[in-house]
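The values are calculated or read from the model by the stated rules, or taken from the named source; none is laboratory data. These numbers come from a predicted model, not from an experiment. Glycine gets a Cβ as well: all are built from the backbone with ideal geometry, and neighbour counts include every protein chain shown.
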Amino acid sequence: MKYRQLSKEQFEALHKEFAQFLASQQVDVKEWSAIKAKKPEVADEELNLFSDLVWDDALTKTNYLEHFSKTNINLFKCEPKQISRIVVQINKPDFDFFNEDDYKWFVDNTNDKSIQFLKGAKKYTKERNLELFDLVEKGSVISDGKLFESIQLLISNKA
């Protein structure tokens, strides 16, 4: 298995797609029920294969990731050959990006001395999708990239 098996909730959300996946292998509902009952290891292999296909498709389409913590935002632009990263770090007592007022303060005070912006880029050291999957497993979420591009523009204008 390349990634990890989808959760029960993810499988339920992709029920139609999973049925099409099974149909593409000439497995109907009756046969799938029999496989689950009599050959759970085969059923698990099918679930793993479908999970890998779903993850691979989603990660291939991913262009941006975000990871928020209390005092940091990690923003990633996932390009074909490299990943670019912007880190926003707040050095202010009791600051919390998860607090709506604190986040608004950040948006309104991007020139404050307590805010540090760091940026960099690196080539992938292993397969692109595996690196993105690792970031997702560590808490990053797929995003539309608006925050990355806004902060990138802000940093460029400061230089």
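Looking at region 77-97, can you tell me whether even one residue there is surrounded by 15 or more Cβ atoms within 10 Å (Cβ to Cβ), under 22 Å from Q10 (Cβ atoms) and not polar (S, T, N, Q)?
Yes, region 77-97 has at least one match.
If you go through region 89-100 one residue at a time, do you hit one that is at pLDDT 95 or above, under 15 Å from the mean Cα position of the chain (by Cα) and farther than 30 Å from L22 by Cβ?
no
Check whether at least one residue in region 103-119 is within 16 Å of Y64 (Cα to Cα), under 23 Å from the mean Cα position of the chain (by Cα), aliphatic (A, V, I, L, M) and not in a loop (DSSP other than H, G, I, E, B), and report yes or no. If you could, list the steps in order and put the result at the bottom.
Taking region 103-119 as the starting set, the residues that turn out to be within 16 Å of Y64 (Cα to Cα) are 119.
Now restrict to residues that are under 23 Å from the mean Cα position of the chain (by Cα): 119.
Those left that are additionally aliphatic (A, V, I, L, M): none.
Scanning region 103-119, I find no residue that is within 16 Å of Y64 (Cα to Cα), under 23 Å from the mean Cα position of the chain (by Cα), aliphatic (A, V, I, L, M) and not in a loop (DSSP other than H, G, I, E, B), so the answer is no.
Quick check on this structure: which one of E149, E100 is under 15 Å from N72 (Cα atoms) and in the same structural domain as S69 (by TED's automatic domain parsing)? Full working, then the answer.
Numbers: E149 fails: under 15 Å from N72 (Cα atoms).
Going through E149, E100 in turn, just one is under 15 Å from N72 (Cα atoms) and in the same structural domain as S69 (by TED's automatic domain parsing): E100.
Residues of region 1-19 being surrounded by 12 or more Cβ atoms within 10 Å (Cβ to Cβ) and among the polar types (S, T, N, Q), which ones? Break it down into steps so the answer makes sense when it comes.
Of the residues in region 1-19, the ones surrounded by 12 or more Cβ atoms within 10 Å (Cβ to Cβ) are 1-6, 10-11, 13-14, 17-19.
Matches in region 1-19: Q5, Q10.
Residues in region 46-61: is at least one farther than 30 Å from S143 by Cβ, outside the structural domain of D101 (by TED's automatic domain parsing) and surrounded by 15 or more Cβ atoms within 10 Å (Cβ to Cβ)? Before the answer, list the steps.
Within region 46-61, the first condition is being farther than 30 Å from S143 by Cβ, and the residues that meet it are 46.
Now restrict to residues that are outside the structural domain of D101 (by TED's automatic domain parsing): 46.
Subsequent filtering for residues that are surrounded by 15 or more Cβ atoms within 10 Å (Cβ to Cβ) retains 46.
The answer is yes; a qualifying residue exists.
If we keep just the residues of region 17-68 that are under 30 Å from N99 (Cα atoms) and in a loop (DSSP other than H, G, I, E, B), which is nearest to the chain's Cα centre (by Cα)? Steps first, answer last, please.
Pass one, region 17-68, residues under 30 Å from N99 (Cα atoms): 58-59, 62-68.
Next, only the ones that are in a loop (DSSP other than H, G, I, E, B) stay: 62-63.
Values: T62: 8, N63: 10 Å.
If we take residues in region 17-68 being under 30 Å from N99 (Cα atoms) and in a loop (DSSP other than H, G, I, E, B), then T62 is nearest to the chain's Cα centre (by Cα).
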